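Heads up: the structure comes next, in structure tokens.
The values are calculated or read from the model by the stated rules, or taken from the named source; none is laboratory data. Because the structure is a prediction, the values reported are computed rather than measured. Glycine gets a Cβ as well: all are built from the backbone with ideal geometry, and neighbour counts include every protein chain shown.
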């Protein structure tokens, strides 16, 4: 091969690889609002549907305020007019194939921006740029097909049921390559037996990724998954169930604390051989509607790690009502008070809920006996 052809050949290979469709977003984060300098975090993310509230996309890595991010993804679209919607607080820009589609690059409260564009059948690159100045942080991107250009009458596509799940189906067990089928499923409650979910799919050897945005009241929730064969469940970007194995039907649960608001939920499912079944439910175990009556008092800056699953109680003592269960490994903030016998410590959970836990389950370098003794008139 001639020397001058080698760089051209390598460029062609890299160009093809860059254009390959992806089912994850390539995310890059900066600790400034200008997408400038060296990023502090680069990772792949399964979807772009976040409400961080006043938190961080990656605690202790990305700032709570004054950060920016860029997400890129290549998607295979069918021909037609597609409407893109960005729900955002603060600024956002959305590019399709390098052309600016949505321009909301300004400090703002939560709002929604949208724009539509005709796309030819095939792969198109989406780039989303975002910045958070301060306060609440939200970045959510969705798209829907308005007109089906493959039909001569360009009939509008029917709206999916409210709260429906987007199901992306693959003719393999690892969610790889181009999707065989994309549809809206009203709920995840399927028992296909030995049949296929759709004539386009095989009865064995398929996988599905469902995504949705669910509005929860604040509380401790139990997610229950009935599955045959494997599944992974993500709540608010965190994997809470990882049972990606080929096994007969079984029930798997996970307890998750959720703040109020809209939370992204994603379920990945695989079917090897034999029977196919998957169902997802959730139940509110403990509502978290009781916040700190002494919130004007400055909390201690020290933290502690809970060493075993423990009850967070309304007051100190085993007869006090339980507000929630704190999972082992949870980091809580010391709220500055203790019982007179030092056996109970007042803490604040990551959700901002106050309560009392036994001192024995707290691992910390802070001298707990130096905390103030609780007085009800505070």
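Within the range 231-271, the set of residues being at pLDDT below 85 and not in a strand (DSSP E or B) comprises 236, 237, 259, 260.
Keeping to the range 217-230, report how many residues are in a strand (DSSP E or B) and either touching a residue at least 60 places away in the same chain (Cβ under 8 Å) or over 26 Å from residue 326 (Cβ atoms) (or both). Selection size over the range 217-230: 8. Every listed requirement among (1) at positive phi; (2) free of Cβ contacts under 8 Å to residues at least 12 places away in the same chain is met by residue 59 save one, (1).
In the range 240-254, the condition of being crowded, with 20+ Cβ neighbours inside 10 Å and under 17 Å from the mean Cα position of the chain (by Cα) is met by at least one residue. Here is the figure for the range 345-356: residues that are surrounded by fewer than 22 Cβ atoms within 10 Å (Cβ to Cβ) and assigned to a strand (DSSP E or B) total 1. Can you tell me which residue within the range 196-210, out of those that are in a loop (DSSP other than H, G, I, E, B) and either at pLDDT 95 or above or touching a strand residue (DSSP E or B) at 6+ places or on another chain (Cβ under 8 Å) (or both), is farthest from residue 232 (Cα to Cα)? Of everything passing the filter in the range 196-210, 200 is farthest from residue 232 (Cα to Cα).
Can we say residue 150 is in contact with a helix residue (DSSP H, G or I) (Cβ under 9 Å, 6 or more places away or on another chain) and either in a loop (DSSP other than H, G, I, E, B) or modelled with pLDDT under 90 (or both)? So residue 150 does not fit the description; no.
The single condition from (1) surrounded by 15 or more Cβ atoms within 10 Å (Cβ to Cβ); (2) within 29 Å of residue 177 (Cα to Cα); (3) under 19 Å from the mean Cα position of the chain (by Cα) that residue 101 fails is (3). Please go through the range 42-56 and pick out each residue that is in contact with a strand residue (DSSP E or B) (Cβ under 6 Å, 6 or more places away or on another chain) and closer than 19 Å to residue 90 by Cβ. Passing the criteria: 48, 49, 50, 51, 52.
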